[in-house]
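Have a look at the structure below, then the notes.
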Amino acid sequence: LVSAMNRVQLLGRVGQDPIMRQVEGKNPVTIFSLATNEMWRTGDSEVGQGALLLLCILGDVSQKTTWHRISVFRPGLRDVTYQYVRKGSRIFVEGKIDYGEYTDKNNVRRQATTIIA
């Protein structure tokens, strides 16, 4: 019996080569950004990717790009991601959404949404 679920699946393009960070006393993490796109014909409701070619032919296509921060903690996956994923790669990511807070360099409290792959 599942009482709650936090799961996300994304298919998109990598925004920059992954970086690996390590905070003292914690395990390393590989981080990269992923862009996903939504497309629709102006005046219509959102359509799936399968209708994308038809929309391009018909014209009046609008697009929205959403950027996602992806963090990979699992040791094997973290290392493979760092070694092989590159800017522009089209990849599928599955994970969970994590909402957190941090304090920036100007001592301002910020919120951050991350996908834990």
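Each residue of the range 14-25 is assigned a 3J(HN,Hα), and the resulting list reads 6, x, 7, 4, x, 10, 10, 10, 9, 8, 3, x Hz, derived from the Karplus form 6.51 cos²θ - 1.76 cosθ + 1.60 (θ = phi - 60°), x at Gly and Pro.
Taking all protein chains in place and a 1.4 Å probe, what share, in percent, of the accessible surface of the chain do carbon and sulfur account for? After summing per-atom areas, the C and S share lands at 50 percent. Return the lysines within reach of residue 87: Cα separation strictly under 23 angstrom, same-chain partners fewer than 8 residues apart disregarded; answer none if there are no such residues. In chain and number order, the partners are 64, 96.
As a rough guide to protection, the peptides 27-38, 104-115, 81-92, 3-14 ranked by mean Cβ packing within 10 Å, highest first, stand as 27-38, 81-92, 3-14, 104-115. Taking one equal scatterer on every alpha-carbon of the chain, how large is log10 of I(q)/I(0) by Debye at q = 0.12, 0.16, 0.20 1/Å? Each listed q maps to, in turn, -0.58, -0.90, -1.13. For residue 89, the amide hydrogen comes within under 5 Å of the amide hydrogens of 14, counting only partners 5 or more places away or on other chains and with H modelled in the peptide plane. Note that the range 110-117 has calculated 3J(HN,Hα) couplings of 10, 9, 9, 10, 10, 9, 8, 6 Hz, one per residue in order, obtained from phi through the Karplus relation 6.51 cos²θ - 1.76 cosθ + 1.60 (θ = phi - 60°); glycine and proline are x. Accessible surface computed residue by residue for the chain, with neighbouring protein chains in place and a 1.4 Å probe, gives 75 Å² per residue. The string of couplings for the range 72-88 from the Karplus curve (6.51, -1.76, 1.60, θ = phi - 60°) is 10, 9, 4, x, x, 5, 4, 6, 5, 4, 4, 7, 10, 6, 9, 3, x Hz, one whole number per residue in order, with x for Gly and Pro.
The values are calculated or read from the model by the stated rules, or taken from the named source; none is laboratory data. Predicted model, so just to flag it, every value in this text is computed and none were measured. Counting neighbours? That spans all protein chains shown, and the Cβs are built from the backbone with ideal geometry, glycine included. For the accessible areas, the whole protein counts, side chains as well, though only heavy atoms, and no ligand, DNA or RNA atoms are used. Shrake-Rupley method; radii C 1.70, N 1.55, O 1.52, S 1.80 Å.
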